[in-house]
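Right, one structure below, let's go through it.
The values are calculated or read from the model by the stated rules, or taken from the named source; none is laboratory data. Everything quoted here is computed from the prediction, not taken from an experiment. A quick note on method: Cβ atoms are made from the backbone with ideal geometry, for glycine too, and the neighbour counts reach across all protein chains shown. The protein model used for the area step is the full one, side chains on, heavy atoms only, and it has no ligands, DNA or RNA in it. Shrake-Rupley method; radii C 1.70, N 1.55, O 1.52, S 1.80 Å.
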4 protein chains.
Amino acid sequence: MKQQLLDTVSINYDPRVELIGAASYFHAQGWMLGTAGNLSAKMPDGSFWITGSGKSKGKLSQEDFVRVYPDGSIQAPLEESVKPSAETSIHSSIYELFADAQACYHVHSVDANLVSNFIKGDEIPLPPLEMIKGLGIWEENPNCVMPLFDNHLKVPQIASDIKTRFLAQKPQIPALLIRNHGVTVWANSLETARNYIEITEFVFRYMVAARKAGI
Amino acid sequence: MKQQLLDTVSINYDPRVELIGAASYFHAQGWMLGTAGNLSAKMPDGSFWITGSGKSKGKLSQEDFVRVYPDGSIQAPLEESVKPSAETSIHSSIYELFADAQACYHVHSVDANLVSNFIKGDEIPLPPLEMIKGLGIWEENPNCVMPLFDNHLKVPQIASDIKTRFLAQKPQIPALLIRNHGVTVWANSLETARNYIEITEFVFRYMVAARKAGI
Amino acid sequence: MKQQLLDTVSINYDPRVELIGAASYFHAQGWMLGTAGNLSAKMPDGSFWITGSGKSKGKLSQEDFVRVYPDGSIQAPLEESVKPSAETSIHSSIYELFADAQACYHVHSVDANLVSNFIKGDEIPLPPLEMIKGLGIWEENPNCVMPLFDNHLKVPQIASDIKTRFLAQKPQIPALLIRNHGVTVWANSLETARNYIEITEFVFRYMVAARKAGI
Amino acid sequence: MKQQLLDTVSINYDPRVELIGAASYFHAQGWMLGTAGNLSAKMPDGSFWITGSGKSKGKLSQEDFVRVYPDGSIQAPLEESVKPSAETSIHSSIYELFADAQACYHVHSVDANLVSNFIKGDEIPLPPLEMIKGLGIWEENPNCVMPLFDNHLKVPQIASDIKTRFLAQKPQIPALLIRNHGVTVWANSLETARNYIEITEFVFRYMVAARKAGI
C-alpha cells in the first residue's frame, strides 16, 4: 500500500534533485563540508525525503536519500544500507510544529558556530540589517532574536528541547541555532528554504565581522 | 503605441540577459543572497528594465524583470504577477539625476553593511588606494568620500533623500551607500556598472580588514 | 615482475584520476596553491601513487604522478623526469604506521599555518565542535588534541619525528599538523581522506576566527 | 620587416590565450577586479604582449592585448584603439633587469594593499612559512624580505625607482610590492609566474590574518 502511494507520487514530484543541487551549493560555500548537515523536503502524503547518514554532501545522488513516514517507518528505495540522517528527529519535530513547512535545511558553518558562542543564553539578538526583511520581518530597525539551543550527543534530546520551547512560544523567524553545531531553517518551498540559509549565514558573517571590528 | 515601441526596440537591444549574468555573478560573490539587491538598465526610449520584487537573484530569467516608463507606468510582459523591485524609486531618481546613466546596480554585502556603521555622519572617507582610479578619480593619494544615507522602511523616503542631496551637490564618485543596507552605483554602460560594484566592494573589504588589523 | 604486477593491477584500479580531482578542488580552496601539498593513494600491492615534485597542483595530469614501492624503488611510467614529492618519506611513514590507511593527503592553508603558531607545545587542543564527529570522535563536548610537529628543511627528519612519536602513542584522530607548513590526514578511502581535509580546515578556520573574535 | 617577424613567430607561439586564462582566474580570486592589474609575456624577438588599458580583466579577448617592442614602438594588431596598460613602463623595466623573465604579472589584492601599510620602510619581512620555498628560498626558517615601493600617479616614476634600486641590488625573490597598489612578479614561464602570484598572495593573506590574530 505504501509502495503504491510512493509510485503514484513519484510521477508527479521528486524533490531529491533539487535537494542535491542545494547540498552541492551549500558544500561549495563551506557550509556542508565532509558529511556535515542534512536537508529534507516534505511529500504530499506527509512523509519527507531526507539525506542519508554519513554521505559526502558535495556529491549526493538520489540513492543517498531515505524517505521517512509520519508513523516513523523508513524507506530506502534503492539501497537498503542507507540510514536516515542522525538528525532526522529534528526534521520530524519541525514538520510537526509548522504545518506549512515543506522543506527543512540544516548546515554547519564556521560563522554559525562562532555566533553560537557569543552569549550564554537561549536566544541571540540579530543586528538591524536590511537583509532581515528576507526572513519576513518588515520593520524599521527590527528588534529580532534567533532561538539558541544547547548541543547534545543524543539528537532526540535536541529535538525534544525544540518542541517544548516552540510549543510554548513560536519563534519570530523560521530559523534556530544549535550551539557549536549550526543553523536550521524551514520554509514553505525548497527555494525559500535555500534563501533563508543564505540570509542567516549572511547575518552570522556580519555578526562575526562586526565583533572583530569592534562595531 | 508603447507596445509598438517596445517591439521595435527589443529587436535591437535587450539588456536583460546581461543583467541576469551580472546578478548571477554578484550572487556567487555573496552580494545578492536570497532575494536581496536589484539591477536595472535604461532603454533608448527612457524606460528601464529592473529586476522583479522577491526573485532569487542567483537564478533569474527574462520573465523576472519589469519595465518601468518615465511616466511611472509599468509593464511585466510575460508574467502579470511580477512586481518591480521595492526599490524602483531609487533607480528612477538616479536616472533623473544623471542623464548619462545607462545602468544602476544595487547589492547587499557584509562589508558594505559594516562600513556603513563605521561613522555616524552622512559621508564616509575612502582610503587612498590605486583601485580608486577605477571610479574616475585620477589623483595621487586621492581625498575621496562616498555619500552615506540612512535606511528607511519606506524606500521612497531614501529616494527623496538622495535626490535632495545630489541636486544640491553632485557626489565625487558614481556610488552611494545606504546604512545597514548596501551600495548603489550607476554608469554609462552595464559593463562599467559591474566594474564599479567590484571596485566599491574591494574598497569596503579593505576598509573592514584595515580596521580589524588596526591600520 | 614488477612491471607485470603493475599491468594487472592497473586494469582494476587507478586512483590517479580521483587524486587529480581532489588536488584541483583543494587548489580552488586555496589549500594547494602554486606547487604546494602532496596527495597519495595506496595500491593493492603495497605501493602508492604520489604527486610528483614541483607540479602545479591545480592542473595535474596522470603523467605528473610517481609510484613508490615498499622497497623504496620508484616508477615514473610515462615521463622519466618526474620526481616523487619531496615529502614522500612522510607518506611512507604514515602507510607503515597505519595499516588501514589507503590514502594520505597533505595540504597548505593559511589557517593551518596560523593555528600552528598558537602554541609552542607539540599538540594543539581542538574546540568542541559538532564537526569533530566527522573525525571519528563521538563524545559530548569532546576533549581532543591534534599532534603538532616542528618543520624541518630535511623532510626525512619530520617523517622520523612522526614515526617515533606515533609508535609510542597513536594519535586520537587521523591527522597531524606541521608548524608553518600544513595538515596531513590519512583514511581508509580517498573520499574519507578528502572529507578529513575539509573537516580539519573547517576546525582551523574556526580556531583562527575565534581567536580574532576573542571567544 | 617587423610585420614579417610577427607573422613567423605567431605561428609558433602566442601567449595571449594563456594570459586570458590567468587573468580570468585572478579576477575570480578578487585580484583583478574591474579593470585592475596587467599581465605580460615576452616573445622570442624581445617584444612582449601586454593587456590593454581599461579592459575588464575577467573577460579579455585576444583583441584586448598590445604588443610592445624593445624600441618602444607599439602594435595593436586587431583594434587600433587599444592602448597598452598604463603600467607598461614597469613591465619594460622588469624585462630589462631580468633577462630570464618570460612573464610579468601584476595584480591588486586587498591583502597586498593592507600589508603594504604594515611598515613605513622600503622592504617588508616575510614570515618563515614553508610556502616561501615556492619562491626559490630553500632555507630552514628563511629570513626573507620583499622590496616595497611608493605608489605614484606617474607610473614611469615607479618604473624608474624599481630600476634604480634593483640595479644597485637584486632582490632575494622575484617579486615586489607597490604601496596601496599591489604585487608584481616575474618568472621564466607563464605557469611559474602564476604560481608566484598564488604564493605571494598566500603569504600576504597569512600576514594580515596573523596581525589580526595577534601572532
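Distance distribution P(r), region D:88-153, all Cα-Cα pairs, bin width 5 angstrom from 0: 3, 12, 18, 21, 25, 16, 4, 0 percent. Taking all protein chains together and rolling a 1.4 Å probe, residue D:13 ends up with roughly 80 Å² accessible. Relative to one another, the C-alpha centroids of region B:83-102 and region C:125-172 are positioned 57 Å apart. At a probe radius of 1.4 angstrom, the accessible area of region A:2-213 per residue rounds to 38 square angstrom. Given the options A:208, A:172, A:56, identify the residue whose Cα lies farthest towards the positive end of the charge dipole of chain A (+1 on Cβ of Lys, Arg; -1 on Cβ of Asp, Glu). Checking the options against the dipole of chain A, the answer is A:208.
Put a plus charge on the Cβ of each Lys and Arg, a minus charge on the Cβ of each Asp and Glu, and nothing anywhere else: the dipole of the protein assembly as shown about its Cα centre is then about 1540 debye. With a Förster radius of 60 Å applied to the beta-carbon distance between residue B:143 and residue C:137, the computed FRET efficiency rounds to 0.65. Springs join every pair of Cα atoms under 10 Å in this Gaussian network model of chain C, and among C:168, C:41, C:103 the largest mean-square fluctuation is at C:168.
Among A:189, A:81, A:47, the residue with the largest mean-square fluctuation in a Gaussian network model of chain A, with springs joining Cα atoms closer than 10 Å, is A:81. Which residues of region A:171-215 end up with at least 20 Å² less accessible area in the presence of all protein chains than when their chain stands alone, using a 1.4 Å probe? Relative to the lone chain, where solvent access is computed with a 1.4 Å probe, region A:171-215 loses at least 20 Å² at A:180, A:191, A:195, A:198, A:202, A:205, A:206, A:209, A:211, A:212, A:213, A:215. Principal-axis analysis of the Cα atoms of chain D puts helix D:88-97 at an angle of about 80° to the longest axis. Summed over qualifying helices (DSSP H, 4 residues or more, each -39500 (n - 2.57)) and divided by its residue number, chain C shows a 222 nm mean residue ellipticity of -11500 deg cm²/dmol. Rg/Rh for region A:36-81 (Cα atoms only, Rh after Kirkwood) is 0.95.
Between the beta carbons of residue B:24 and residue D:86, assuming R0 = 41 Å, the FRET efficiency works out to 0.85 to the nearest 0.05.
Hey, rough spin-label estimate for residue D:170 and residue C:61, points 7 angstrom out along Cα→Cβ, what's it come to in nanometres? Here the modelled spin labels are 3.2 nm apart.
The share of accessible area on chain D that comes from carbon and sulfur is 51 percent, using a 1.4 angstrom probe. Each copy carries a label point for residue A:96 at 7 Å from Cα toward Cβ; from one copy, the others' points are 5.6, 5.6, 7.9 nm away, ordered from shortest. Taking one quarter of the surface of the convex hull spanned by the alpha-carbon atoms of region A:89-215 gives a direction-averaged projected area of 7.4 nm².
Nearest beta carbon of chain D to the D-to-A rotation axis, with distance in whole angstrom: D:212, 4. Mean projection of the Cα convex hull over all viewing directions, computed for the protein assembly as shown: 39.9 nm². Label point of residue C:62 (7 Å along Cα→beta-carbon): distances to the other copies' equivalent points are 3.1, 3.1, 4.4 nm, sorted ascending.
If R0 is taken as 45 Å, the Cβ-Cβ distance between residue A:119 and residue C:14 corresponds to a FRET efficiency of 0.30. In loop segments of region D:112-143 as defined by DSSP, the GluC sites (Glu not before Pro) with at most 15 further C-beta atoms inside 10 Å of their C-beta are D:139, D:140. Of the two radii for region A:1-157, the radius of gyration is 1.00 times the Kirkwood radius, both from the alpha carbons; that is the Rg over Rh value.
Contact order for chain A, expressed relative to its length and based on alpha carbon pairs under 8 Å spaced 6+ residues apart, stands at 20 percent.
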